[in-house]
1. (1) modelled with pLDDT under 90; (2) touching a helix residue (DSSP H, G or I) at 6+ places or on another chain (Cβ under 8 Å): which one isn't true of A:PRO165, the others all being true?
2. Return the residues of region B:26-45 that are hydrophobic (A, V, I, L, M, F, W, C), farther than 11 Å from B:MET273 by Cα and either touching an Asp or Glu at 6+ places or on another chain (Cβ under 9 Å) or more than 9 Å from chain A (Cβ to nearest Cβ) (or both); say none if nothing qualifies.
3. Quick test of your reading of the structure: A:SER137 fulfils all but one of (1) within 14 Å of another protein chain (Cβ to nearest Cβ); (2) closer than 25 Å to B:PRO252 by Cα; (3) small (Gly, Ala, Ser). Name the failing condition by number.
4. Please state which one of A:LEU5, A:LEU75, A:LEU15 is part of a helix (DSSP H, G or I) and more than 14 Å from chain B (Cβ to nearest Cβ).
5. Out of the helices (runs of 4 or more DSSP H) lying entirely within region B:46-160, which hold 2 or more residues that are within 14 Å of chain A (Cβ to nearest Cβ) and over 17 Å from the mean Cα position of the chain (by Cα)?
6. Would you list the helices (runs of 4 or more DSSP H) that sit entirely within region A:167-285 and hold 1 or more residues that are of a type in the set (D, E, K, R) and surrounded by fewer than 19 Cβ atoms within 10 Å (Cβ to Cβ)?
7. Might you check whether a residue that is buried (at least 19 other Cβ atoms within 10 Å of the Cβ), aromatic (Phe, Trp, Tyr) and under 30 Å from A:TRP114 (Cβ atoms) occurs anywhere in region B:145-168?
8. Taking B:ILE240 and the conditions (1) hydrophobic (A, V, I, L, M, F, W, C); (2) in contact (Cβ under 8 Å) with a residue 40 or more places away in the chain; (3) within 22 Å of A:TRP114 (Cβ to Cβ), which numbered condition does it fall short on, given that it satisfies the others?
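The values are calculated or read from the model by the stated rules, or taken from the named source; none is laboratory data. Quick caveat, the model's predicted, so the values are computed rather than measured. Note that we place each Cβ from the backbone using ideal geometry, even for glycine, and neighbour counts take in every protein chain shown.
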Amino acid sequence: MKKFLKAEEIFFRVLMFLSTTLIGTVLFLIVFSVIKNGLPYLSWEMISEVPSGGYYFGKEGGILNAIVGTVYLSLGSTLLAFFVGLPVALMMNVHLVRYQRFVNGIRLILDLLWGIPSIVYGAFGFTLMVYLGIRASLLAGIITVTIFIIPIMIRAMDEALKTAPRGLLEAALSLGSTRSEISYRVFFKQCIPGMVTAILLSFGRAAGDVASVLFTAGFTDAIPTSINQPAATLPLAIFFQLSSPISEVRHRAYAAAVVLFGIILVISLLTRIISGKYKKNRINF
Amino acid sequence: MSGFRIKLSRSLRNKVHGSWMTVCLVFVISMPVIIAGGLYWKSSVLLHDHGVFSLIFSKEWKPLSGQFGFYPFIISSIWVTMTALILAAPICLLTAIHLTQYAKRWVLKIMHPVIDILAGIPSVIYGVWGILVVVPFIGNHLGTWLGKSVSGYSILAGGIVLAIMVIPFVLNILIDVFNNIPTELSEASLSLGATRWQTIKFVLVKKGLPGIVAAFGLGMSRAFGETIAVLMVVGNVSRIPSGLFQPGYPLPALIANNYGEMLSIPLYDSALMLSALILFVVVLGFNFVSRYIIAACDKRC
């Protein structure tokens, strides 16, 4: 009996160790295979030029339009989401702190919204576009992506604000601050690393998502000069180029994937550095 | 006098701020209703023409002659999602137990960023990886090994890519579930002479079972709605799949693939919006039940 127990434990420990290793290996494999296939085709021309005439048949050009489009779209929507999301997150933790049941209800709704697939947001954005009468454009894309990342941003900010000690609120109130002052001057400052993390997380989501911009942002070879023009995004460019029958074009998709991967990795690295650095400035109770 | 002015502007600022906050909050809370309403508004034309059940259980998909049967797509979605879940569930459970019970600090130090990065990789990259690695592997190695000729673009490829996409998501929830179980319970079990593994099996997993089920529910709804990565590797043939090596055509892929022709064929846009509505309802339902279980579980612990 004892021997059997020991054997069972060892067996499962080995399985557990294997599955943990597997997850690490898969990440390594993904990074390795994307870089191995993409890097040889990555050139300065790729990231500094817009597609020229025969680009989609394998001629010259690059994906600058998609890179710039992604940056515009993500920046615009992150900014908009920030102006809507920050007040909600602060309100949940400063104004409504006495109504925990209500706040938990809001959290549930936000979690549900977070779980909705981005293609549904894309379809909804399309409906909204038809309703408002705007064409597929940078503006429509920004609106859709904003709606998509608002729940993500609020929940991430909320998680950070939740950790702020309650005594901070009481102390500030007793000194005569208004609630809005407490929100911005005390709670926001206390939780800056969490806020930056939330913003970067949303930016990463906005930059990497295809399904929500598929209907709404359109696609173009030019760099958009106004908000009413369509814009290409990097994930969409990868997706389109991969479906091409010409291998030259597909190779460029791999190279574009390396660029996108690089952007996402830099964001994730920045998040780690910033949240580590600002931790020192916090008031600890 | 100046003191009065400062006070006025402070309270004014507070008021302006309070109203803007309320507006934002109302907007966010009403979002699910607005989305459902918008999608229903667009799909109601088709719904009134055909009725829900005949649409869902009809097998004919011929947009040009006005026949919209979602059955093959729904079945494909279920196939891909279940494959992904069956592949991901044991790996997630074992890893979560390993990381919360056995793992040393340095393992945690490596695995935390690994999970974070996996969770942050855009779905297109997963799709690219699927095309580069998973599809050729199934087509060239697994296919010949099993003695079948398959193209590789199949339900199985979609399931594998999806499984890897949901692993970080499910793993994070599972780690939370195991960390929330009070340590006294396992200490009591250990002090009674149970082995480590017996404690895990009879105390931790048993206590955390609702949370584990909920985590898989959330993972499933995530997998059900994932679009681009699946679309790139699953083959997209609108036929009812009969096996893992057959190509499939899940609902999200249907929406993403056909948006171009959407406006040129009558009722087509309505049909695609209806599939978005189906996705919305299914995912919301799954999410709601899972979140409810997790919340009830947290309260009890």
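1. Every condition holds for A:PRO165 apart from (2).
2. Result: B:VAL26, B:VAL33.
3. Answer for A:SER137: the failing condition is (1).
4. A:LEU75
5. Those helices (runs of 4 or more DSSP H) span B:71-97, B:105-120, B:123-129.
6. On the way: elements: A:192-208, A:234-242, A:247-277.
Of the helices (runs of 4 or more DSSP H) lying wholly inside region A:167-285, those with at least 1 residues that are of a type in the set (D, E, K, R) and surrounded by fewer than 19 Cβ atoms within 10 Å (Cβ to Cβ) span A:247-277.
7. Within region B:145-168, the subset buried (at least 19 other Cβ atoms within 10 Å of the Cβ) is B:150, B:152-168.
Next cut, aromatic (Phe, Trp, Tyr) only: B:153.
Still in the running and under 30 Å from A:TRP114 (Cβ atoms): none.
So far as region B:145-168 goes, no, none of its residues is buried (at least 19 other Cβ atoms within 10 Å of the Cβ), aromatic (Phe, Trp, Tyr) and under 30 Å from A:TRP114 (Cβ atoms).
8. Status for B:ILE240: all satisfied but (3).
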